[in-house]
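Each remark here refers to the structure printed beneath this line.
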Amino acid sequence: MMTTETGATAEPVYLGDTATSIMKKVQEITGEIPQKQLTVEDLRRMREPVKRLVEAGRVLAVQEDQDGCRAARITLQDRQLYLHPLLRQPTPADAHALQESEVVGVLDPSCTLAFLDLGWAGSTRGRVTIRLTPDTPLARQFVLLCTGQRGHTYRNTKLLWVWGKGRPGEYVVGGDYESNDGKGGAPLLPDLQGQYRESGQAGAVLTRWGPGSQRSAQFAIITRGFQDGYQWSYVLGDVVSGLDVVRAAVNHSDITEVTVVDCGVVLPL
């Protein structure tokens, strides 16, 4: 209401803006996004206010289960958006939470990029990015173990052994999320049979034990290609960056000291 100079009361003036539009204007002025209003589409657009939230570690993907809530970090590095594995960890009070199923839902199954961060001697040595073979059960299982959607993850697993060190066809094995000694790595999916290609090229990622094995979650990365055309079976993807990190790990004095310190998938922007 407004009061005139004579003290008389004038007719009330109503603002045409709704509460929603006012909040949007406040957001534009302050650059802050109210909690519970951040969406997956906002992540894909990655405008400046959202970018600042991600860089501050205030955007998480969450999953509710019978034991409570698990949360996954979402980070931005070199213009790439990364989803880390779901863990039971405290959620900051000012965090913006998105449903993990919605975040993973933006992945293109024909072009899924996963990553493994390798470390040894007390530090992270580099990131290995893997382009997974489209629409194969082993590739889907690899994603599950990089995101922790089923409760198990490659995070904190160690590399186990090297086959043919220094020779053509050399590869390194890891991924025993169960016992971390090479005896585990049970499948997460009921049927891993499918059409798989073969490869003898450096950078190929495969399951060493085959899709029917009780250790099929273990993976192998070829670090030296064959010269005679020989090929390994059950390939589920290829390293697109970071093969030098894997080779450095192979040359470390004790391969079992090399761990997957983190893992996850690349989210498309």
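The values are calculated or read from the model by the stated rules, or taken from the named source; none is laboratory data. As the structure is a computational prediction, the values presented were derived from the model and not from experiment. Note that each Cβ is placed from the backbone with ideal geometry, even for glycine, and that neighbours are counted across all protein chains shown. Quick note on the areas: whole protein, heavy atoms, side chains included, nothing else; ligands and nucleic acids left out. Shrake-Rupley method; radii C 1.70, N 1.55, O 1.52, S 1.80 Å.
Observations on the structure shown:
- Whenever a residue of the range 75-90 is under 14 Å from V59 (Cβ atoms) and part of a loop (DSSP other than H, G, I, E, B), its partners that are open to solvent by 20 Å² or more (accessible area, probe 1.4 Å) and hydroxyl-bearing (S, T, Y), lying with C-beta atoms within less than 7 angstrom and at least six residues away or across chains, give the pairs H84/T75.
- Helices (runs of 4 or more DSSP H) contained in the range 17-68 and holding at least 2 residues at pLDDT 95 or above: 48-55
- Considering (1) open to solvent by 10 Å² or more (accessible area, probe 1.4 Å); (2) part of a strand (DSSP E or B), the lone condition that Q227 does not fulfil carries the number (2).
- Filter result (closer than 30 Å to T256 by Cβ and open to solvent by less than 20 Å² (accessible area, probe 1.4 Å)) within the range 83-104: L83, H84, P85, L86
Okay, residues lined up against (1) touching a residue at least 60 places away in the same chain (Cβ under 8 Å); (2) under 21 Å from T75 (Cα atoms); (3) open to solvent by less than 10 Å² (accessible area, probe 1.4 Å); (4) among the polar types (S, T, N, Q):
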| position | (1), (2), (3), (4) |
| --- | --- |
| S241 | yes, yes, no, yes |
| S253 | no, no, no, yes |
| E257 | yes, no, no, no |
| L269 | yes, yes, no, no |
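- Failed item in (1) more than 22 Å from S179 (Cα to Cα); (2) touching an Asp or Glu at 6+ places or on another chain (Cβ under 8 Å); (3) open to solvent by less than 40 Å² (accessible area, probe 1.4 Å), with V265 passing the rest: (2)
- Residue-level analysis places L107 outside the set of residues that are open to solvent by less than 90 Å² (accessible area, probe 1.4 Å), closer than 18 Å to V265 by Cα, at pLDDT 95 or above and aliphatic (A, V, I, L, M).
- Whichever residue in the range 202-242 is at pLDDT 95 or above and among the basic types (K, R) and, among such residues, is farthest from T147 (Cα to Cα): R224
- Filtered residue count, the range 174-209, keeping only those that are over 20 Å from the mean Cα position of the chain (by Cα), of a type in the set (A, V, I, L, M) and under 21 Å from N156 (Cα atoms): 1
- Considering residues of the range 167-186 that are small (G, A, S) and without any contact (Cβ under 8 Å) to a residue 40 or more places away in the chain only, the residue nearest to L116 (Cα to Cα): G185
- When A121 is tested against (1) touching a Gly at 6+ places or on another chain (Cβ under 9 Å); (2) of a type in the set (G, A, S); (3) modelled with pLDDT under 95, only condition (1) is not met.
- Selection status of A248, in a loop (DSSP other than H, G, I, E, B), in contact (Cβ under 8 Å) with a residue 40 or more places away in the chain and of a type in the set (A, V, I, L, M): no
- Residues in the range 193-243 that are under 11 Å from G169 (Cβ atoms) and in contact with a helix residue (DSSP H, G or I) (Cβ under 6 Å, 6 or more places away or on another chain): T223 only.
- Output for the range 58-79, where each listed residue is surrounded by fewer than 21 Cβ atoms within 10 Å (Cβ to Cβ) and of a type in the set (D, E, K, R): R58, E64, D65, D67, R73, D78, R79
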